[in-house]
Amino acid sequence: MLKDRRSVTHEADSRLVSILQGAYSGERAAGHAYNGHWRSVRDPDERREIRKIELEEWQHRGVVGEMLAELGATPLQWREIVFLMIGTVLKYGCFVSGWMMPMFGAGRLESRNIVEYEDAARVAWRSGRTAWVECLLGMAEVEWDHELYFRARLEQHRFWRRMPLWQKPPPRASIRESFAAETAETAQTATTPDQVPVDRVSEVA
């Protein structure tokens, strides 16, 4: 039984490392992209808000980097290079692609980031790293706020009011509600959180 627990915990840690490595490099691309985005817009309020979003993405990257280090893992260098290139292209592309496309791309990306941190919180809980759950759920909520901002900006535009956007995320409160419901159900069917199969966690795109 102890061997089984260790095996599942190791599997959960491996899954957590994979999610965090993706998030770490993704935040690098996002940080560079937003750096160009806020500089490219003219409205002072938009510049201020998007710059704030950029700083929050860099903060997330720092937190995720610390988690990786505690897991004894490092970022994937090839992902770091690829996402640096992506972020750099997006950064300068904001100056030539107009107002709408950066707003659309940012909002769609943030909607995926919400799920990424929700998944990380679930896997952290299953691996016994419960101290990380609050932080990861908090980052998911910040990403939800980012998505809402970009969606709201597009919905105010006369063109995008008539166009379908990406799928709208569930309400902000559902981030914690769904986590609480899932972990409560899991606790009733397993002696310890470590015994829950990791493959129940949805794959991050």
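Looking at region 31-43, can you tell me whether even one residue there is crowded, with 16+ Cβ neighbours inside 10 Å, among the charged types (D, E, K, R) and in contact (Cβ under 8 Å) with a residue 40 or more places away in the chain?
no
Hey, among 56, 46, 66, 80, which residue is farther than 20 Å from residue 117 by Cα and either assigned to a helix (DSSP H, G or I) or within 16 Å of the chain's Cα centre (by Cα) (or both)? Steps first, answer last, please.
On the way: 56 fails: farther than 20 Å from residue 117 by Cα; 66 fails: farther than 20 Å from residue 117 by Cα; 80 fails: farther than 20 Å from residue 117 by Cα.
Answer to the selection: 46.
Take the conditions outside any loop (DSSP other than H, G, I, E, B), more than 16 Å from the chain's Cα centre (by Cα), touching a residue at least 12 places away in the same chain (Cβ under 8 Å) and more than 26 Å from residue 159 (Cα to Cα) and apply them to residue 125. Does it pass?
The answer is yes for residue 125.
Anything in region 47-94 that is over 18 Å from residue 149 (Cα atoms) and in contact with a Phe, Trp or Tyr (Cβ under 7 Å, 6 or more places away or on another chain)? List them, or say none.
Once the filter is applied, which keeps residues that are over 18 Å from residue 149 (Cα atoms) and in contact with a Phe, Trp or Tyr (Cβ under 7 Å, 6 or more places away or on another chain), region 47-94 yields 61, 64, 65, 67, 68, 75.
If you go through region 150-169 one residue at a time, do you hit one that is at pLDDT 95 or above and assigned to a helix (DSSP H, G or I)?
yes
Rundown of residues vs (1) out of contact with any Leu (no Cβ under 8 Å at 6 or more places or on another chain); (2) at pLDDT 75 or above; (3) not in a helix (DSSP H, G or I), yes/no style:
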{"residue": "120", "(1), (2), (3)": "no, yes, no"}
{"residue": "180", "(1), (2), (3)": "yes, yes, no"}
{"residue": "184", "(1), (2), (3)": "yes, yes, no"}
{"residue": "203", "(1), (2), (3)": "yes, no, yes"}
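Scan region 67-89 and report the pairs whose first residue is under 18 Å from residue 129 (Cα atoms) and surrounded by 14 or more Cβ atoms within 10 Å (Cβ to Cβ) and whose second residue is among the hydroxyl-bearing types (Ser, Thr, Tyr) and at pLDDT 95 or above, with Cβ atoms within less than 8 Å and a gap of 6+ or a chain change.
Qualifying pairs under 8 Å: 68/24; 68/74.
The values are calculated or read from the model by the stated rules, or taken from the named source; none is laboratory data. All of these numbers come straight from a predicted model, not from anything done at the bench. Positions of Cβ are generated from backbone atoms using ideal geometry, with glycine treated the same way; all protein chains shown enter the neighbour counts.
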